[in-house]
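The values are calculated or read from the model by the stated rules, or taken from the named source; none is laboratory data. Since the structure is predicted, the reported quantities are computational estimates derived from the model, not experimental observations. For accessibility, only protein heavy atoms count, side chains too; no ligands or nucleic acids. Shrake-Rupley method; radii C 1.70, N 1.55, O 1.52, S 1.80 Å.
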Amino acid sequence: MEILELLKGIKREKMNLVELVNAFEKMCKIKINGVDEEEDMILFEVEGFSGKSWTCFSLVRQFPNEDEEYIQLHLDIRYKIDTRNNLPSESIWSEEVSGNFFDYIRNSEGYLFLKDKQIIKVDVFMDET
């Protein structure tokens, strides 16, 4: 799938959160043949601290396939974090936000907290529901 290859092609090990979110946003602007705009959704999640020494910032683009299932393109960014900080979990779909969804992400507590932190791992993958 062309958009997965585009997302995999980013130099993710050398990028920071700002650049990764910008790349994901650019990929989300690519129209998918046969998919209505209302069916092309984005999920934003931040895994808050739960006694682990790491947290995950995730973006997922989801759209239906021909079998009435969903294809999901994932960008998972993992951070090693001092657990004394308090970062709450968050999970929200693009359809739940009025206005620009990526502006919402860039103003979220998780994004603002993590944008200058060192990334320890970036995963890009696709799955189906």
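Just check segment 36-129 against the gyration tensor rule for me: Cα atoms, a ≥ b ≥ c as the square roots of the eigenvalues, rounded for a/c under 1.5, and otherwise prolate or oblate depending on whether a/b exceeds b/c. All intermediate terms of the calculation are to be shown ahead of the outcome.
Working: a/c = 2.56, a/b = 1.66, b/c = 1.55.
It is prolate, given that a/c is not under 1.5 and a/b is the larger ratio.
Apply the Karplus curve 6.51 cos²θ - 1.76 cosθ + 1.60, θ = phi - 60°, to the phi angles in segment 37-45 and return the couplings in whole Hz, x for Gly and Pro.
Residue by residue, segment 37-45 yields 4, 5, 8, 8, 10, 10, 10, 10, 9 Hz.
Taking amide H positions as placed in the peptide plane 1.01 Å from N, state which residues far from Trp54 in sequence (5 or more) or on other chains have amide H under 5 Å from it.
Ile81
Which of rounded, prolate or oblate describes segment 79-129 when judged by the alpha-carbon gyration tensor and an a/c cut-off of 1.5?
Details: a/c = 2.00, a/b = 1.24, b/c = 1.61.
Because a/c hits 1.5 or more and a/b fails to exceed b/c, segment 79-129 counts as oblate.
For Arg106, Arg61, Arg78, give me the order by solvent-accessible area with a 1.4 Å probe, most accessible first, ignoring ligands, DNA and RNA. Write down the numbers at each step before the final one.
Working: Arg106 55, Arg61 0, Arg78 85 Å².
These residues rank, largest area first, as Arg78, Arg106, Arg61.
Give me the number: length gained by fully extending Asp127 to Lys115, i.e. 0.36 nm times residue separation minus the C-alpha to C-alpha distance, one decimal in nm. Write down the numbers at each step before the final one.
On the way: separation 12, 0.36 × 12 = 4.32 nm, distance 2.65 nm.
So the chain would gain 1.7 nm between Asp127 and Lys115.
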